[in-house]
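Accompanying notes for the structure given below.
The values are calculated or read from the model by the stated rules, or taken from the named source; none is laboratory data. Owing to the predicted nature of the structure, the values given are computational and were not obtained by experimental measurement. With ideal geometry, Cβ positions are generated from the backbone for all residues, glycine too; neighbour counts draw on all protein chains shown. Surface accessibility is based on the protein's heavy atoms, side chains included, excluding ligands, DNA and RNA. Shrake-Rupley method; radii C 1.70, N 1.55, O 1.52, S 1.80 Å.
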Amino acid sequence: MPISSMEGKQSALYDIHCNSRSGAGYVMLASLLARGETAQLHDGQVMNGRQMLMEAIRCDPENASDAYHVLADGLATGETAKLDDGRELDRKQLYVEAIRCDPNNGEAYYRFAPLLAGDEKVQLHDGRELSQKQLLVEAIRCYPDDCFAFFDLGGKMGLDGTVRLHDGRELDEEQLYVEAIRCDPDFRPAYSSLALMIGDDENDTVRLHDGRELNKRQLYLEMIRCDDESGDDDECGDAFYHLASSLAEGETVELHDGRVMDEKQLLVEAVQRGYGGVALSSLATLLAAGETVQLRNGRVLDKKQLYVEALRYGFEDPDVFFHLGLLLAPGETVHLHDGRELDKKQLYVEALCNDPDDAATCYKALGDLLVPGEKVHLDQGRELDQKQLYVEAIHSNCTDSEAYSKLANLLAPGETVQLLDGRVVNQQQLLSHFIRDKPARKRQIAFSALANWLDPDKSVTMGDGRTLSMEHVQQEALPRDLDPRAAVMFLRNLMALFDEEPGSAKAKAMAIEALRQGLDFGETMRLPDGTVVEGLQKVPADGDGGKEEASSANKRARIGGDDAAVEAAED
C-alpha cells in the first residue's frame, strides 16, 4: 500500500529526531515539501525545503550527493545557494558537488545534462571533462534501464551520429529510442520520435526488442494505446491527427480498443483531445461543399465554420485565411472570434501578410478580384494593383504558368511590364512562358488559344491541305491521355486562361504565339485572314518514345484528329 505524503513527512521527521547527524531524513522531508512550505522539527525548529537541504549538507558534507542535486533542482536559472561553509554555488556547481560525493548518482548526471549547451563541457573533481552527451552516457551507466536517459540522449544525436555506451555498444538515434521502449514499453515519447524518423511507406519499419516491426502508422497506434492506458487521453491529439494524415481516401484503421475509424473520425478525435486548430483545418479540407461534420460535443459545423474554429484555436495558418476566402461569395463576409469581419479580399490579404506556402496562388486569387485601376494594401506599406499582384505571383513561383497568362491578358498590344527579376517582357513573351512551362500540353494549348480567337463559322488550313473547322480545332485541343469528361474540363480551363473577346487583336496575338510554340517544327497553318503560322516545336527524335509520339501526332494530323481513327491506325 503506497505511503501518503503526510505519512512520508512524519517518517522523515522521526528519522531526523532519531539521527540528527544524518542528512537522509532532511533530504526526504525537503523533497516532500511544496515550494514555500515549512515543517516544524521535534526540537521546535521551523524549516523550509532549502534550509533542510543546507542542514543535510552541513551534517555530512562528504555523503550529501542527494542533498546537493535536490538543492540544484530547486534553483532557478542564474540563482545561487550559499552554503554554511561560505561557498556560493550555482546549479552547475551543485551538480558537480553531487557527483563528487557519489560518482554513481545517475540522477545528478541526468539533471546536469540539460544545463550544458552544444559542445560545452564541464570539469568534474576527478578530472573528467564531460559534454552533455557524455553526462547522459554516465546516467545510463548508473541506471541502465532509465528510459528518460536513453530518450534524451537520442534527441542529442544527429542523423548520422552515434554514441558509445559503457557496455561497448555503439548506438544511433533510432536505436536509442528503441532502448527507451525496452526500458518502458509504455513510454510514449519514444514511439513519437521514431514515427518522425522513419518514412511513410508501410515497409519502412523499426524493430523493437520484443521482435515487433512497426511502421509509422503502427507507431501512432502505439502512442494512442500508451495515452489511453495511462489515462492521459486528452494529450494524444497529435497521434490521432498524424494517423489520420496517413490514411488514403476511404481507408480505415482499427485502434487497440477495437474501434474502426476513418480519416474524418480520427480528426474529430484529435480535436476532442486538444489538437484543435490544425485538425479542424484538415477536417475542413476533407469536406465537400455543403457537407457537415458533428464534433463530440454535439456541434455540427460546415467547411466555413471549421476554418473559423481553427482560427479561434489560435491556428492562424495563412492557408486557413486563403481557403476561407475561397468559400465566400462576392460581397459576403465572415465574422472571426477576435471581432473582425472580413470579406474575400481581406482574407486573401491576411493570408499574404502571414507568408503562405503558396503565395503565388494567393496573389492570383486577389488579383482576380480587382478591377482595372483598383489597388489593395498589403504588409510593409505595399500598395499593389492587378498587374502588380500577378507580377508578385510570378516572382513567388516563376513556373506558375497561369500567372504569366493572367498578366498577358492585361497587357495591350505592344505594352511591356517589368518583372521583379528585372526582365521587361511583352504579351507574347509572357505567353511563351505560359506555354514553355507546360511542354506536354503545348499542342492542346495552341489549339485552345486558336479556338478562343476563331469565329465559329471560320476555318483554318493546314500545310498539308486539310481544312479544320472550329469543331476540329476543339478536337485537337482535347488531351488524348485524359478521360472524356476530364479532357473537356481541361479544354474549358485552358480557354478561360485566354479570356479575350473572340476575333480581337489580342486574342489573335495570343493564338499566333501559342501556335508557334505548339505546332511541330515545319508544320504550318493558314489563318482565315491569310496569316501563315509556322511551328517551332522540335519533335523528340531520341528513343522509341519520341518516335511513337511523333508518329501519333502525324496520324492525328492526317485523319483530322478523330480519336477512333487514331486508335484504329495505331492498332
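Here is how the numbers come out for the structure above:
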read-out: Using alpha-carbon coordinates, inclination of helix 505-518 to the longest axis of the chain, degrees; value: 70 degrees
read-out: Test item: Cα-centred dipole of the chain, Lys/Arg +1 and Asp/Glu -1 on Cβ, debye; value: 1480 debye
read-out: Length added when fully stretched, LEU75-THR162, from 0.36 nm per residue minus Cα-Cα; value: 28.1 nm
read-out: Dipole axis of the chain (+1 Lys, Arg; -1 Asp, Glu on Cβ), positive-most option in GLY49, THR461, GLY154; value: THR461
read-out: Calculated FRET efficiency for the pair ASP60/GLN93, C-beta based, R₀ 25 Å, to 0.05; value: 0.85
read-out: Charge dipole of the chain about the Cα centre (unit charges at C-beta), most positive-ward option of PRO185, PRO528, GLN380; value: PRO528
read-out: Only Lys, Arg (+1) and Asp, Glu (-1) charged, at Cβ; segment 34-89 dipole about Cα centre in debye; value: 180 debye
read-out: DSSP bridge orientation in the chain - percent antiparallel, rounded to nearest 5; value: 95 percent
read-out: Relative contact order, percent, segment 246-305 [alpha-carbon distance under 8 Å, six or more residues apart]; value: 21 percent
read-out: Label-to-label distance, nm, for residues given as ASP126 and GLU249 (7 Å Cα→Cβ offset); value: 6.3 nm
read-out: Estimated FRET transfer efficiency when R0 is 51 angstrom, pair ARG466-THR399 (beta carbons, to 0.05); value: 0.90
read-out: In Å, descending, principal axis extents of the Cα set of segment 281-401; value: 47, 31, 24
read-out: Calculated Rg and Dmax of the chain using C-alpha coordinates, Å; value: 35.5, 117
read-out: Accessible area of segment 176-248 belonging to carbon and sulfur atoms, whole % at 1.4 Å probe; value: 39 percent
read-out: P(r) tail fraction, segment 343-437 - alpha-carbon pairs more than 16 Å apart, %; value: 51 percent
read-out: With eigenvalues of the C-alpha gyration tensor scaled by 5 and rooted, segment 206-261, Å; value: 18, 16, 10
read-out: All lysines inside 25 Å of LYS216 as judged from Cα atoms, apart from same-chain residues fewer than 8 positions distant; value: LYS156, LYS264
read-out: Contour minus Cα-Cα distance for LEU420 and ASP145 (0.36 nm per residue); value: 93.1 nm
read-out: Convex hull of Cα atoms in segment 64-165, direction-averaged projection (nm²); value: 6.7 nm²
read-out: Ranked by how many other beta carbons lie within 10 Å on average, peptides 34-43, 276-285, 99-108 from highest; value: 276-285, 99-108, 34-43
read-out: Efficiency of FRET from Cβ geometry, LEU326 and ASP355, R₀ 22 Å, rounded to 0.05; value: 0.75
read-out: Relative counts (whole %) of C-alpha pair distances in segment 111-165, using bins that are 5 Å wide; value: 4, 20, 31, 26, 15, 4, 0
read-out: Alpha-carbon centroid distance for the pair segment 24-83 / segment 318-392, whole angstrom; value: 60 Å
read-out: Extreme residue, positive dipole direction of the chain, given options ALA117, ASN104, GLY74 (C-beta unit charges); value: ALA117
read-out: C-alpha long axis of helix 49-59 to longest principal axis of the chain, angle in °; value: 50 degrees
read-out: Gain on full stretching of the segment that runs from SER504 to ASP257 - 0.36 nm per residue minus C-alpha separation; value: 82.2 nm
read-out: Computed helical MRE - 222 nm, the chain, DSSP H runs ≥ 4 contributing -39500 (n - 2.57), nearest 500; value: -15500 deg cm²/dmol
read-out: Charge dipole (debye, nearest 20) of segment 50-170; +1 at Cβ of Lys and Arg, -1 at Cβ of Asp and Glu; value: 240 debye
read-out: Residue-normalised accessible area of the chain, expressed per residue, 1.4 Å probe, Å²; value: 50 Å²
read-out: Per-peptide average of other Cβ atoms within 10 Å, ordering 457-464, 63-70 highest first; value: 63-70, 457-464
read-out: Anchor LYS508: lysines whose Cα lies under 28 Å away (excluding residues fewer than 8 positions away in-chain); value: LYS364, LYS387, LYS406, LYS438, LYS442, LYS458, LYS538, LYS555
